[in-house]
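Single-structure report; data block below.
No value in this document is a laboratory result; all are computed from the given coordinates. This structure is a prediction, so every number in the text was calculated from the model and none was measured. No Cβ is skipped: glycine too gets one built from the backbone with ideal geometry, and neighbour counts run over all protein chains shown.
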Amino acid sequence: MELRHLEQVVAVCRAGGFSGAARSLRISQPTLSRSIARLEAKLAIKLFDRSGGAAKPTPYGRFVAERAEALLSGATTLARDLEQLVHGETGRLRIGVGPVPRLAILPRLIQQMSERYPELRLETEQDRAQALLRGVEEGRYDVAFVTFEATEPFGDLIRVKVVEDDHVAVARPGHPALAEPRPLTARQLLRYPLASARIVPSFRRWAGEIGEAEQARLRAFVSDDFELIKQRVMASDLLTMGPRLIFQPELAQGRLIELPITWDTPYECWMLATAERWRSPVVKAAAEAAKAGLAG
């Protein structure tokens, strides 16, 4: 059994049929069907029940796919580690980020890694935390920077806390909310339309039951781009909230005004990697660079 056979079995299981699997593998469906059929004949077992255009894995097929996932991930990790060993600093580092790390961590991280490893290829991508962490597990990212609240289901990943900060609300100068007693409670905050990214569980616990009108105000403007959120807040009566470090430039310039809130769960950003990737000196250097960049 070759690695390509394992890739094909996994692809068919994920796609639920040979057509979708063939497209993902970039081969023709007849080629894929013949390859799986030859594998079944060689093993003298049936891996898939084929009916109605679908391909349902048999118990043997599920067993092979489950074992194949780990083997393929290991092969990918081995190839990356070998590339790192052969090429040293000319390898690559694939970084996944959420909206806050994209703005607060990534620019300085890239600068520091580029200065330390001039030949290192850097690839970055922004996505939702769950997708990023699955990508780390599956080998699509070497590291991911996400809020700690997203990390609980991924207990096998190595965790490094990069930063901790207070949550604040911010408004443009002259906003009516500036007349509210401070720190703002959830009820006070939700009297106003909000620009927001992802609403994390600790916010919902702080806010308690959210009425229909409050829910509408909470989602008055939704974006995963904090630069865009800040622009909208500075130009309108929207409020927004997040870790203080996101708003530091605008707060220092007086373009935004801080509104302390009673949400007492701190913001924490963590870098996560698999145990295999954590052995890479470049991955460890990324954690050090992220913390040093924020401290600077």
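Structure notes:
- Overall form of segment 24-72 per C-alpha gyration tensor (a/c, 1.5; a/b vs b/c): rounded
- Taken about its Cα centre, segment 3-80 carries a charge dipole of roughly 160 debye when the Cβ of each Lys and Arg holds +1 and the Cβ of each Asp and Glu holds -1.
- Listed values for segment 150-159 are Karplus-derived 3J(HN,Hα) couplings in whole Hz (6.51 cos²θ - 1.76 cosθ + 1.60, θ = phi - 60°), namely 8, 8, 3, x, 10, x, 8, 8, 6, 10, and x replaces Gly and Pro.
- Each residue of segment 54-68 was assigned a 3J(HN,Hα) from its phi angle through the Karplus expression (A = 6.51, B = -1.76, C = 1.60, θ = phi - 60°), giving 9, 9, 9, x, 6, x, 5, x, 5, 4, 5, 5, 5, 5, 5 Hz with x at Gly and Pro.
- Pairwise FRET efficiency - Ser236 versus Leu72, Cβ, R0 = 41 Å, nearest 0.05: 0.25
- Spacing of the two label points (7 Å from each Cα toward its C-beta) at Ala37 and Arg182, in nm: 7.3 nm
- Applying the Karplus relation 6.51 cos²θ - 1.76 cosθ + 1.60 with θ = phi - 60° to segment 245-255 yields 3J(HN,Hα) values of 4, 5, 9, 3, x, 6, 5, 5, 8, x, 7 Hz, where x marks Gly and Pro.
- For Leu122, the amide hydrogen comes within under 5 Å of the amide hydrogens of Leu93, counting only partners 5 or more places away or on other chains and with H modelled in the peptide plane.
- Anisotropy class of segment 92-140 from Cα gyration tensor, a/c 1.5 cut: oblate
- Other-chain or far-sequence residues with amide H under 5 Å of Val222's (modelled H): Ser196
- Segments 230-242, 122-134 sorted - mean Cβ within 10 Å per residue, highest first: 230-242, 122-134
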